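Asks: Sharing a structure here in structure tokens format.
Each value in this text was obtained by applying a stated rule to the coordinates, not by laboratory testing. Quick caveat: nothing in here was measured; it's all calculated off a predicted structure. Cβ sites come from the backbone with ideal geometry, for glycine too, and all protein chains shown count toward neighbours.
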Amino acid sequence: MKFSTIGTSWITEAFIKATNHFKEIELVSVYSRSEETARSFATKNGALEWFTNIEEMLETDTDFVYIASPNILHYEHVLACIEHQKNVFCEKPMALNERQWQVIQERAKQNDVYVFEGYRHLFSPNYKILKDSLKQIGQVRSVMLQYIQYSSKYDAFKDGNIGNVFTKEFAGGALMDLGVYPLSMAIDLFGEPDDVTYFPTLLENGVDGSGTLVLTYDGFNVTILCSKIAQANMPSEIHGEDGTITVDHIAPIQQLAVYNRKTKETVNVAEEQLDLDMVYEVEVFLGMVKEGNIRNHELWLERSRLVAKCLEVARKKQGSLLFPGE
């Protein structure tokens, strides 16, 4: 299966490394707006061709396209791939709002292609163990999930060099970049919330450097902490009437423990897994396309739609976190 890439950041290189675990996948071309960057990235990663024009790349013989461009460009790039009848593997968030997702779903169905959003943390072995462990803790009563990670671009931001991840013009910020990880986990575990509210800490240019997202469910709330301007060492927890599940990190989960309230015992249930956890989502995507698994495709699309919907509701209720075109 031949594939091409849009985007030349570290995450694209990580994806390429993940595909190296599968003999049937071959990188054939890369795209960048910069000729020098495209050529250098292609040479470094063994691509046969490089392009500075997306349309030209999509006219070549490639089976799917991996997209890791700035958030604001995902929708445009996904639709371009679909129109050329290419399967799509896009980094989150694939869509900024529910309307964009509806268009993506309709176009994908019309062109008979698969679109897949890259939530690597939802396909790892330890996440599956977490889901299976929920039944051990009884009725869920509260959840606290965090993704608080000091951005490598924040020091530059403070010096006046503002990167895409810290601008609303490119749909950046803590919620869209990091909060989407625990949000997608919550939706996968508990379904669509009854209500969504976001309390951001805004930087001087109006982007959210950090924030607290509250999801309201029947009988419990999910509190999500996300930040690109601080660093946390605390775990995330799911609290039930009969016990508690503790994880060290949302993506990836390396340590996972289940506490039993009645026996007072804590059992570590995590398994050793690959450091490059993108391998697991590549495996799922590859199987879906090869087997034509429409049912799984529809389930994953619905989960992604709900994530896009919640992100949109949270931002619009807050009022100031609107992106170009909204």
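Asks: Would you mind ranking W101, W10, W50 so that the residue whose beta carbon has the fewest other beta carbons within 10 Å leads the list?
Replies: On the way: W101 25, W10 9, W50 21.
If I rank by nearby Cβ atoms, fewest first, I get W10, W50, W101.
Asks: Can you compute the charge dipole magnitude of segment 223-270 about its Cα centre, using +1 on each Lys and Arg Cβ and -1 on each Asp and Glu Cβ, nothing else charged? Give it in debye, rounded to the nearest 20. Display every interim value, and only then the final one.
Replies: Working: 4 positive and 5 negative charges, 16 e Å.
Charge dipole of segment 223-270: 80 debye, to the nearest 20.
Asks: Follow-up question, since we're still on this one. Mind jotting down a quarter of the surface of the convex hull over the alpha carbons of the chain, in square nanometres, one decimal? Don't skip to the answer; put the middle values down first.
Replies: Working: hull surface 66.2 nm².
For the chain, the mean projected area of the Cα convex hull comes to 16.6 nm².
Asks: Using just the alpha carbons, could you tell me how many Å³ per residue the convex hull of segment 1-158 encloses?
Replies: On the way: hull volume 26.7 nm³, N = 158.
Roughly 169 Å³ of hull volume per residue.
Asks: Also: Going by average Cβ neighbours within 10 Å, how do the peptides 237-250, 134-147 rank, with the highest at the top? Mind showing how you got there, number by number?
Replies: On the way: 237-250: 18.9, 134-147: 17.1.
The packing order, highest mean first, is 237-250, 134-147.
Asks: Quick one: work out the % antiparallel among DSSP beta bridges in the chain, nearest 5. It would help to have the intermediate numbers written out before the result.
Replies: Working: 33 of 60 bridges.
Expressed as a percentage, antiparallel bridges in the chain total about 55.
Asks: Right, something else. Taking the Cα centre of segment 2-115 as origin and charging only Cβ (+1 Lys, Arg; -1 Asp, Glu), how large is the dipole, in debye to the nearest 20? Provide the component values of the computation, followed by the final result.
Replies: Details: 11 positive and 17 negative charges, 75 e Å.
That gives segment 2-115 a dipole magnitude of about 360 debye.
Asks: A further question on this structure: Projected onto the charge dipole of segment 65-126 (+1 at Lys/Arg Cβ, -1 at Asp/Glu Cβ, origin at the Cα centre), which of G118, V88, I104 gives the Cα projection farthest towards the positive end?
Replies: So the residue we want is G118.
Asks: Looking at the chain as a GNM with Cα springs under 10 Å, which of I72, I253, I294 has the largest mean-square fluctuation?
Replies: I294
Asks: Separate question: Assuming a strict under-22 Å limit between Cα atoms, what lysine pair count do you get for segment 2-115 once near-sequence pairs (fewer than 8 apart, same chain) are dropped?
Replies: So the count works out to 13.
Asks: Report, in debye and to the nearest 20, how large the dipole of the chain comes out about its Cα centre when Lys and Arg carry +1 and Asp and Glu carry -1 on their Cβ. Let's see the in-between values first.
Replies: On the way: 31 positive and 46 negative charges, 132 e Å.
The calculated dipole for the chain is roughly 640 debye.
Asks: Got a sec? How would R261, R305 order by Cβ neighbour count within 10 Å, fewest to most?
Replies: Values: R261 14, R305 21.
Least to most surrounded, the residues fall as R261, R305.
Asks: When we measure straight from the Cα of K228, which lysines land under 16 angstrom away, once same-chain ones fewer than 8 places off are left out?
Replies: Partners found: K153, K158, K168.
Asks: Right, next: To one decimal place, what Kirkwood hydrodynamic radius in Å is obtained for segment 275-322 from all pairs of distinct Cα atoms? Write out the running numbers ahead of the final one.
Replies: On the way: mean 1/r = 0.0777 Å⁻¹.
Result for segment 275-322 stands at 12.9 Å.
Asks: Mind checking the full-extension length gain between V269 and Q231? Use 0.36 nm per residue of separation minus the Cα-Cα distance, one decimal, nm. Before the final figure, lay out the partial values.
Replies: On the way: separation 38, 0.36 × 38 = 13.68 nm, distance 2.59 nm.
Length gained between V269 and Q231: 11.1 nm.
Asks: Set the Förster radius R0 to 51 Å, insert the Cβ-Cβ distance between N20 and N221 as r into 1/(1 + (r/R0)^6), and round the FRET efficiency to 0.05.
Replies: Working: r = 42 Å, r/R0 = 0.82.
Once rounded, the FRET efficiency stands at 0.75.
Asks: If you don't mind, there's one more thing I want to ask. Taking the chain as a Gaussian network, where each spring joins two C-alpha atoms under 10 Å apart, which residue of V28, V103, V267 fluctuates the most?
Replies: Highest fluctuation among the options: V267.
Asks: Let me ask something additional. Using the beta-carbon distance between N260 and K131 and R0 = 25 Å, what value does 1/(1 + (r/R0)^6) give for FRET efficiency, to the nearest 0.05? Please report the intermediate quantities before stating the final value.
Replies: On the way: r = 18 Å, r/R0 = 0.71.
The computed FRET efficiency comes out at 0.90.
Asks: Could you please rank Y154, Y119, placing first whichever residue has the fewest other Cβ atoms within 10 Å of its Cβ?
Replies: Working: Y154 18, Y119 22.
The fewest-first ordering by Cβ neighbours comes to Y154, Y119.
Asks: As I understand it, the dipole of the chain uses +1 on the Cβ of Lys and Arg and -1 on the Cβ of Asp and Glu, about the Cα centre. Which of S142, A171, A257 lies farthest toward its positive end?
Replies: S142
Asks: Given R₀ = 30 Å, FRET efficiency for Q110-D195 by Cβ-Cβ distance, to 0.05?
Replies: 0.35
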